[in-house]
Amino acid sequence: MGVRSKGLAFISLFAIGLASVASAHAEQRFDGVVLRVATFGGSNKDVLDAAVSPKFAALGGKIEWVTGSPQSNLAKLIAARGKAPFDTMEILDAQLPDFAASDFLAPLDLEKIPNKQYLEDWQYDGKTMATWLTQETICYNTEKFKELGLPAPTTYKDLAVPALAGRTVIPDITSGGGLANFGGIVYAAGGDLRNVTPGLELIKSLKVLKFWSQGGETVTQFGSGDIYAAVVHAGWCVRAKNAGSPVQTVHPYINAEHTGVHKYGRQGVMKSSENYEAALWYINEYLSIETQTALAVKTGVFPTNKAVIARLGDDPTLKQMLELDPAKISKQLRVDYTDVSISDWVDQWNRSVVTN
Amino acid sequence: MSAGETDIGGMDTPQSGLAARAGRAARWRTRQAVQFWLKWIMVALAYLFLHAPLVVVVGASLNGGGQFAAIQFPPVNPSLEWYFEIPARQFEALWLSFVVGAVAAVGAIAIGVPAALGLVRSNLPGKTFIAVVFRSPLQIPAVVSGIAFLQMYYMIGDATGFYAQGTFIGLAIGHVFIAIPYVVGPVTAILQRFDHRLEEAALSLGASPWRTFRRVTLPVIMPGVYAGGLYAFMVSFGDVPLSIFLTAPGYVTYPVELFFALENDFNPAILASGTLVILFCLAIMILVQRVVGLDTLLRVGGTGKGR
Amino acid sequence: MTARWGVMLAPSLVLVLILLMVSQTLFLEGSFYKDLGMGRTSKDFDFTNYVRIFTDGFYLNALWITIKVSALAMICTLAFSFPVAYVIARMRSRWGMVLLSGIVVSTFITIVIKVFGIIIIFSADGWLNRTLMDLGLTDGPYTLIGTQEGIVAGLMYFTLGFGVLTLYSVIQTIPVSLEEAAMIHGASRFNVFRRVILPLSMPGLVGGGLMIFNMCMGAFTSAALLGGGKVFTLPVLIQRTIMMEVKYSMAGTLAAVLLVAVILINLLSMVLVRRMRIGRGVVA
């Protein structure tokens, strides 16, 4: 950082400070508002809390966090028959058809979310806005592969070799990235969303050690030498590398059109919310450069904010592990769940992987 | 024992009857010894099984290397780093779990003890079925109970205007519900072994029914009550699937906090916080032992002794 | 006197029945309506869901596995907790309480944390697997996770403390003098165990055993974490049906089947025990 940019940063900080003081005095826009936000637990919530809560407090309001997976939050929503115990929630791409079929979400007033300027067009619609991505990869131990005389994998099939039997893991279909990766495996095996059998056959041929449901387990098992390769999102691979494992990501070749897989999360406002304005403010803040940078650096999820993506290359590990080229990101497989019967997928998966 | 060895040494003596008896005695002793050691081997295995993962967790919690390090055992460059990274909300969650656990234990005792007494003592028709009712909260998977309670709270809320979901009361009711069988079980087991004649004797000596209950029955079932209460506490303290649905902002129990923290994120500080829980429980155990004595809590006191 | 005990039972029974009925009826009622997903059901009362479960080997197999691992976990838990409870109950020194505290403390630690310890113990390159392979006991690395044994072990972490506490409170009501008397009369340890301790602790073993079995039949967390996504017990399947498939009435049906199966097993075992007791002429 040069002296000039430091000075610039100082001035802009000063300006922000002034602005916030001014706004605090001028109008307490959200006086007494308690905004309930459903999001993931752990560091995700911590980062959002640190980035957003002080700003909201400056406007007179308070944020309460309802932590949990989007699946459990949807279950709560259904039990409450739409009377949501929160104002705004994280939604997985796989849940979009469920939300489209039901009537839980309020239409978004896009005028109130100026940060949409940083998003690609496909990343928002009338009811939800994409706030993060995860790039689903094959994370492999480069040293072990060398030891075994195996070339670096390029796709899932490359893991189906005897030397790797019982030494690989893939996500359970119920875990966060389970459906996206399953979709990737199905396409890579020559199937499609209506015919997942080839994917299930491919999974059988992998002879995995287990189907993981908590990413921390894969980090631990890379460290203990139990596994040589894992299908995980790049954030976990970054974690494993930071923990000292010699790992590297591969964005798996799917077919002629796609290389790599990603899933994305969206944010929506509940129809039953009485804090609509505050919820829109929250989504706008979620998409801001500061929040998106903090999330990318501290939790390893991939931002949707274009300005932030452009800067990620400054970090050598992230540059090595993630696909940062917008053209290539757009060629990653993004499963369209519109015509997918998830319960059918889960049912077929259960019957296929079960060793009862 | 040394006398036994001379016996074996004397096996060669011509008196064959004596030798045979000595042989039998030796076999008897060997069998005694085998049974003695078998018992201790089982005990050792049980403790190894229960505590090995804990030793690894405690050991691994001492790893150095900041919040990006891997879990390793034995620890590499030991430090207490992770202990300073335990998020404050885990302590809040721990406190909530502790309070909910205590409420669950007390509530389950208040409901479970009369239930056990009634089940064993009365001759109501369909007692077997009633016993099944009291045991049923156990068999319903907690995730089903969780959603069912949540739906019930919404229904009651729609009717009365009081929504119990996400409140402490709502959470506590759910925990009491799943904890009841854990009190009914051990108290019933003790009552079934209980000698009625003691009560009859007390009554025939002119003691009032209440006095008989307080002085004779209660001391005998107390160990079951404490054991049941302890277990109610443990079950509540460790519950994940039910609590997921009944917690709300500000009301997240410890295991749920951990479960969510692990779902999409991994911070090795959870090993440190797990170790603190172990130490905390140990401290409570020592305290209980010092103040009242764990054995006096769980041991049949008063009239039950030395029967 | 006995009538009064019945009255004593009433408030508890009413309370539990209300909680049970209101919460479960809401949920189980759905099981009689065809599932349309997203928590919605068809309006026609029918048995589609039940027919589906009972004609589908997958669900029946899951039910069978649940019963099997629960029974195995119960047997193992009793087999281990009996000697532990006995040793503690008969110990006259402070060490008894130290041992008991050890059991209690370990039960307090959630399986969510323990599972990391288990992963490391069964690590492919860890000392346990190296020793097993050096001794020629296993060909390749062995792991508990993703196996039925693993689930049994996971359930034991959940139930062992309970087993020890229950049996402890029963065994220590058996006077030591009875055992000593039997020993003086030349009974071997095994015979003392078989003739004195076992019959006297039978109510505890039966009651505790049933409780442990029931706990296992409904257990989710340990079964899910140790099952490694490969072995599905009914509670794990129910969880998946609710969380992933968002099919409440199907989940309600599975829960009803589980509940009825457990109740039947409970009633059956109680009848069996009673018959055994009458057969032996033991007056309870």
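The values are calculated or read from the model by the stated rules, or taken from the named source; none is laboratory data. Just so it is clear, the structure is predicted and the values come from calculations on it, not from any experiment. Cβ: placed from backbone, ideal geometry, glycine included. Neighbour counts: every protein chain shown.
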Starting from residues that are surrounded by fewer than 17 Cβ atoms within 10 Å (Cβ to Cβ) and polar (S, T, N, Q), keep the ones in the range A:321-355 and report whichever is farthest from C:Ile145 (Cα to Cα). A:Ser330
Tell me which residues, restricted to the range A:252-268, are over 27 Å from A:Thr39 (Cα atoms) and assigned to a loop (DSSP other than H, G, I, E, B). A:Pro252, A:Ile254, A:Asn255, A:Ala256, A:Glu257, A:His258
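What residue, among those in the range A:65-109 that are in a strand (DSSP E or B), in contact (Cβ under 8 Å) with a residue 40 or more places away in the chain and more than 13 Å from chain C (Cβ to nearest Cβ), is surrounded by the most Cβ atoms within 10 Å (Cβ to Cβ)?
In the first step, residues of the range A:65-109 are kept if they are in a strand (DSSP E or B); the result is A:65-67, A:88-92, A:105.
Among the residues that remain, those that are also in contact (Cβ under 8 Å) with a residue 40 or more places away in the chain are: A:88-92, A:105.
Filter once more, keeping what is more than 13 Å from chain C (Cβ to nearest Cβ): A:88-91, A:105.
Numbers: A:Thr88: 28, A:Met89: 30, A:Glu90: 23, A:Ile91: 26, A:Leu105: 22.
So, considering only residues that are in a strand (DSSP E or B), in contact (Cβ under 8 Å) with a residue 40 or more places away in the chain and more than 13 Å from chain C (Cβ to nearest Cβ), the one surrounded by the most Cβ atoms within 10 Å (Cβ to Cβ) is A:Met89.
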Take the range B:113-135 and flag every residue that is within 7 Å of another protein chain (Cβ to nearest Cβ), in contact (Cβ under 8 Å) with a residue 40 or more places away in the chain and of a type in the set (Gly, Ala, Ser). B:Ala115
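Take the residues in the range A:158-173 that are out of contact with any Lys or Arg (no Cβ under 7 Å at 6 or more places or on another chain) and free of Cβ contacts under 8 Å to residues at least 60 places away in the same chain, then tell me which one is farthest from the other protein chains (Cβ to nearest Cβ). Steps first, answer last, please.
Just the residues of the range A:158-173 that are out of contact with any Lys or Arg (no Cβ under 7 Å at 6 or more places or on another chain), to begin with: A:158-164, A:167-168, A:170-173.
With the extra rule that they be free of Cβ contacts under 8 Å to residues at least 60 places away in the same chain, the set shrinks to A:158, A:160-163, A:172.
On the way: A:Asp158: 21, A:Ala160: 17, A:Val161: 16, A:Pro162: 12, A:Ala163: 12, A:Asp172: 4 Å.
Once the filter is applied, the top-ranked residue is A:Asp158.
Of the residues that make up the range C:20-28, is at least one more than 30 Å from B:Arg197 (Cα to Cα), within 14 Å of chain B (Cβ to nearest Cβ), of a type in the set (Val, Ile, Thr) and part of a helix (DSSP H, G or I)? Walk me through how you get there before you give the answer.
Kept after step one, since they are more than 30 Å from B:Arg197 (Cα to Cα), are these residues of the range C:20-28: C:20-28.
Checking the rest, the ones that are also within 14 Å of chain B (Cβ to nearest Cβ) come to C:20-28.
If we keep only those that are of a type in the set (Val, Ile, Thr) as well, we get C:22, C:25.
Right, trim to part of a helix (DSSP H, G or I) and you get C:22, C:25.
Within the range C:20-28 (the criterion being more than 30 Å from B:Arg197 (Cα to Cα), within 14 Å of chain B (Cβ to nearest Cβ), of a type in the set (Val, Ile, Thr) and part of a helix (DSSP H, G or I)), the answer is yes, since at least one residue qualifies.
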Quick one: how many residues across the range A:302-341 are over 19 Å from the mean Cα position of the chain (by Cα), within 21 Å of A:Asp172 (Cβ to Cβ) and part of a helix (DSSP H, G or I)? 0
If you scan the range B:127-140, which residues turn out to be at pLDDT below 80 and more than 21 Å from the chain's Cα centre (by Cα)? B:Thr128
Restricting the range C:88-105 to residues that are surrounded by fewer than 21 Cβ atoms within 10 Å (Cβ to Cβ) and in contact (Cβ under 8 Å) with a residue 12 or more places away in the chain, which is nearest to the other protein chains (Cβ to nearest Cβ)? C:Leu99
Output for Cβ contacts, cut-off 8 Å, separation at least six or different chains, first residue within 14 Å of chain A (Cβ to nearest Cβ) in the range B:155-174, second polar (S, T, N, Q), reads B:Gly157/B:Gln165; B:Gly166/B:Thr247; B:Leu171/B:Ser243; B:Leu171/B:Thr247; B:Leu171/B:Thr253; B:Gly174/B:Ser145; B:Gly174/B:Ser243
Among (1) assigned to a helix (DSSP H, G or I); (2) touching a helix residue (DSSP H, G or I) at 6+ places or on another chain (Cβ under 7 Å); (3) surrounded by fewer than 20 Cβ atoms within 10 Å (Cβ to Cβ), which single condition is C:Lys34 missing? (1)
Out of (1) closer than 22 Å to A:Thr293 by Cα; (2) at pLDDT below 90; (3) surrounded by 11 or more Cβ atoms within 10 Å (Cβ to Cβ); (4) not acidic (Asp, Glu), what's the single condition that is false for A:Gly17? (3)
Here are A:Lys298, A:Lys331, A:Lys271, A:Lys263: which of them is basic (Lys, Arg) and modelled with pLDDT under 90? A:Lys298
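Of the residues in the range C:139-168, how many are under 19 Å from A:Thr355 (Cβ atoms) and either under 18 Å from the mean Cα position of the chain (by Cα) or at the interface with chain B (Cβ under 10 Å from one of its Cβ atoms) (or both)?
Pass one, the range C:139-168, residues under 19 Å from A:Thr355 (Cβ atoms): C:139-155.
Still in the running and either under 18 Å from the mean Cα position of the chain (by Cα) or at the interface with chain B (Cβ under 10 Å from one of its Cβ atoms) (or both): C:147-155.
Summing the residues that are under 19 Å from A:Thr355 (Cβ atoms) and either under 18 Å from the mean Cα position of the chain (by Cα) or at the interface with chain B (Cβ under 10 Å from one of its Cβ atoms) (or both) in the range C:139-168 gives 9.
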Pick from the range A:110-123 the residues that are in contact (Cβ under 8 Å) with a residue 40 or more places away in the chain and either closer than 27 Å to A:Ser330 by Cβ or touching a strand residue (DSSP E or B) at 6+ places or on another chain (Cβ under 9 Å) (or both): which of them is surrounded by the most Cβ atoms within 10 Å (Cβ to Cβ)? A:Ile113
Just checking, which of A:Thr220, A:Thr259 is buried (at least 19 other Cβ atoms within 10 Å of the Cβ) and polar (S, T, N, Q)? A:Thr220
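Looking at this structure, is A:Thr197 among the hydroxyl-bearing types (Ser, Thr, Tyr), farther than 28 Å from A:Pro326 by Cα and more than 14 Å from chain C (Cβ to nearest Cβ)?
Values: among the hydroxyl-bearing types (Ser, Thr, Tyr): yes; farther than 28 Å from A:Pro326 by Cα: yes; more than 14 Å from chain C (Cβ to nearest Cβ): yes.
Against the criterion (among the hydroxyl-bearing types (Ser, Thr, Tyr), farther than 28 Å from A:Pro326 by Cα and more than 14 Å from chain C (Cβ to nearest Cβ)), A:Thr197 qualifies.
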Do we find a residue being farther than 19 Å from B:Val133 by Cα and within 14 Å of chain A (Cβ to nearest Cβ) anywhere in the range C:198-220? yes
Would you please name the residue that is farthest from the other protein chains (Cβ to nearest Cβ), looking only at residues in the range C:114-138 that are touching a Leu at 6+ places or on another chain (Cβ under 7 Å) and of a type in the set (A, V, I, L, M)? C:Val115
When both residues are 6+ apart or on different chains and their Cβ atoms are under 8 Å apart, which pairs have a first residue that lies in the range A:305-320 and is exposed (fewer than 14 other Cβ atoms within 10 Å of the Cβ), and a second that is assigned to a helix (DSSP H, G or I)? A:Gly313/A:Lys319; A:Thr317/A:Val238; A:Thr317/A:Lys241; A:Thr317/A:Asn242; A:Lys319/A:Leu312
Return a yes/no flag: does the range A:40-57 have any residue that is surrounded by 20 or more Cβ atoms within 10 Å (Cβ to Cβ), closer than 17 Å to A:Val301 by Cα, modelled with pLDDT of 90 or more and polar (S, T, N, Q). no
Considering residues that are over 20 Å from B:Phe134 (Cβ atoms) and either touching a strand residue (DSSP E or B) at 6+ places or on another chain (Cβ under 8 Å) or among the small types (Gly, Ala, Ser) (or both), the number found within the range B:179-214 is 6
Residue hits (the range A:207-222; more than 7 Å from every other protein chain (Cβ to nearest Cβ) and charged (D, E, K, R)) are A:Lys207
Counted residues in the range C:187-242 being under 20 Å from A:Thr174 (Cα atoms) and in a loop (DSSP other than H, G, I, E, B) come to 8
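Filter the helices (runs of 4 or more DSSP H) completely within the range B:189-248 down to those with at least 2 residues that are acidic (Asp, Glu). Lay out the reasoning, then the answer.
Working: elements: B:196-204, B:209-212, B:218-238, B:241-246.
By residue number, B:196-204.
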